[in-house]
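The values are calculated or read from the model by the stated rules, or taken from the named source; none is laboratory data. Only a predicted model underlies this, so the values are computations on that prediction, with no experimental measurement involved. Cβ sites come from the backbone with ideal geometry, for glycine too, and all protein chains shown count toward neighbours.
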Protein chains: 2
Amino acid sequence: MSEHLFDRVALIGIGLIGSSLARALRQHSPQTRIVACARRAATLAAARRLAIVDETTDDPAAAVRDADLVVLATPLSAYAEIAARIGSSLKPGAIVTDVGSVKEAVIRDVRPHLPPGVEFVPGHPVAGTEHSGPEAGFAELFRDRWCILIPLPDTGPDAIAKVRGMWEQVGMRVTMMDADHHDKVLAMTSHLPHLIAYTIVGTANDLEDDLKSEVIAFSAGGFRDFTRIAASDPVMWRDIFLNNREAVLEMLQRFSEDLTALQRAIRRGEADTLQARFTRTRAIRRSIIEAKQA
Amino acid sequence: MSEHLFDRVALIGIGLIGSSLARALRQHSPQTRIVACARRAATLAAARRLAIVDETTDDPAAAVRDADLVVLATPLSAYAEIAARIGSSLKPGAIVTDVGSVKEAVIRDVRPHLPPGVEFVPGHPVAGTEHSGPEAGFAELFRDRWCILIPLPDTGPDAIAKVRGMWEQVGMRVTMMDADHHDKVLAMTSHLPHLIAYTIVGTANDLEDDLKSEVIAFSAGGFRDFTRIAASDPVMWRDIFLNNREAVLEMLQRFSEDLTALQRAIRRGEADTLQARFTRTRAIRRSIIEAKQA
């Protein structure tokens, strides 16, 4: 598993995902030279202090020069500008990939800026924690998780194979999907859960003061799991919701209908309805445990 | 911490909470004789096989005879009938407590059946997992978690002190609260989160088949935390919602309003609103970590 896939990798963004990938590459592909690019000097200083990259710069165009692989790992709202800035500095044959949680919007924002001869392989390593920043990363983040790649009609099979190889090298299982389908699946498995967690923690935050302090003390009853999710990076999540608007609103509509039905069952005291609904959700948990994603 | 508080404890119900308490009492109060009562023979056989109790019976009246402490630890819907059956068998000076997640309904259901000279100390150890049954219990379940006791106007201070002492013995921090206030706090910290988790996992379960299988594979993005909560005991939770109807519906109303506001912000593309809301929820997570409830 220490095959040498890329001589030089440019990580544009060195937060939780970027810094975890840097650490994992150090471990599994020690000959690869890694350059990190970030806007803030403090972020770059942290990356140097952690000794997880070889070079740092705040200039995306400089970062990608001579890179064999460029990984976009910033919040989604920065992608278009970064793509515009790096387009003319990419070397022929370079591969550009990304780690964004939305794929149609990424293709819309990035693709027009890439010159002919550069390969684009949109990707999404489905892994993360509620922590952010270069200090929060760790090499094992990707282990046994899924990475979804989006093959575009004009992407060469070699480019896909190399990106796939890198994610497999750091422990991921890789699968292929259409961008549209990806965005629907993730709206349900990730975006809607985050939206709901942000909402309920906000609802608790607005409670009268006497209730609010106790919500924190007695959070062990279920609430604290939501607070962990709702501690995720605000800018990253703002961008996800704005860039996957349609699919998120569709899943949210379905959720709201189901919640209204349960609300009515509680109001009317429909014991059988409640028990039946709570029983079938156990089966999904079992499937997740069997799929080793628990 | 191995003070001897009760000679004989009757556990009515020996699921996750009852069996965890049995294990913890074995450890911290080895002289205490424990009798377990359950309706199903298989449950009692499991309790014997696990060697966590001294006696078993399916007759609540027999279980409580000579008991110094009776702990109701069944789903809430069984409380009234159990209270009616044990009332005349309780010895003078016996203490009755419970572990239910709702307190006003418990007082309503149990209190009328207890004879004079028997002390009633409603209680709620706020601890649990998504697993149920006697095999799921463990002695450390209560460690560093809160137990809420509800002192009633006619409860003797000695009885409260002894119940408090037992929960402290097994590692809990104990606090006092009015039943009404307890039911509101728990509606927010526990009941609403469970209702939402059950709902979203149900929503996912109703997806078209091609989406559904992928929801399981890609659950690492946030969804799997909800599936864990939504794997909790269906009968127990049915009873909680039916017995804390008013407070749950009130908190649900607040949540729905907040969700609608976020939905509108997404639809209108209000980036600043989203970012501001997602930022303030991080503070609640920090408070929970500081309160050592994370």
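A few comments on the model shown:
- Inspection of the range A:143-150 finds no residue satisfying the criterion of being more than 9 Å from chain B (Cβ to nearest Cβ), among the charged types (D, E, K, R) and crowded, with 18+ Cβ neighbours inside 10 Å.
- If the condition is being facing chain A (nearest Cβ under 7 Å) and β-branched (Val, Ile, Thr), then the range B:264-276 contributes only B:Ile266.
- Failed condition for A:Lys212, given (1) over 22 Å from A:Leu186 (Cβ atoms); (2) within 27 Å of the chain's Cα centre (by Cα): (2)
- Strands (runs of 3 or more DSSP E) contained entirely in the range A:1-68, each with at least 1 residues that are surrounded by 24 or more Cβ atoms within 10 Å (Cβ to Cβ) and in contact with a Ser or Thr (Cβ under 6 Å, 6 or more places away or on another chain): A:8-12, A:33-37
- Filtered residues of the range B:84-116 (kept if surrounded by fewer than 24 Cβ atoms within 10 Å (Cβ to Cβ), part of a loop (DSSP other than H, G, I, E, B) and not aliphatic (A, V, I, L, M)): B:Lys91, B:Pro92, B:Gly93, B:Pro115, B:Pro116
- The numbered conditions (1) assigned by TED's automatic domain parsing to the domain that holds A:Pro234; (2) at pLDDT 95 or above are all true for A:Thr189 except (2).
- In the range A:207-263, residue farthest from the other protein chains (Cβ to nearest Cβ) [restricted to those that are in a helix (DSSP H, G or I), over 22 Å from B:Ser256 (Cβ atoms) and small (Gly, Ala, Ser)]: A:Ser213
- Single unsatisfied condition, B:Lys292 versus (1) surrounded by 18 or more Cβ atoms within 10 Å (Cβ to Cβ); (2) over 18 Å from A:Glu250 (Cα atoms); (3) more than 8 Å from chain A (Cβ to nearest Cβ): (1)
- Members of the range B:173-201 found to be in a helix (DSSP H, G or I) and aliphatic (A, V, I, L, M), listed by number: B:Ala179, B:Val185, B:Leu186, B:Ala187, B:Met188, B:Leu192, B:Leu195, B:Ile196, B:Ala197, B:Ile200, B:Val201
- Yes/no for B:Arg65 being basic (Lys, Arg), in the same structural domain as B:Ser101 (by TED's automatic domain parsing) and within 25 Å of B:Met236 (Cβ to Cβ): no
- Annotation: of all residues in the range B:120-140 being part of a strand (DSSP E or B) and touching a residue at least 40 places away in the same chain (Cβ under 8 Å), the one that is farthest from B:Val99 (Cα to Cα) is B:Val121.
- Checklist (1) charged (D, E, K, R); (2) facing another protein chain (nearest Cβ under 10 Å); (3) in contact with a strand residue (DSSP E or B) (Cβ under 6 Å, 6 or more places away or on another chain); (4) without any contact (Cβ under 8 Å) to a residue 24 or more places away in the chain applied to A:Arg164, failing item: (2)
- Selected residue (criterion: surrounded by the fewest Cβ atoms within 10 Å (Cβ to Cβ)) from residues of the range B:194-206 that are at the interface with chain A (Cβ under 7 Å from one of its Cβ atoms) and more than 30 Å from B:Ile14 (Cβ to Cβ): B:Asn205
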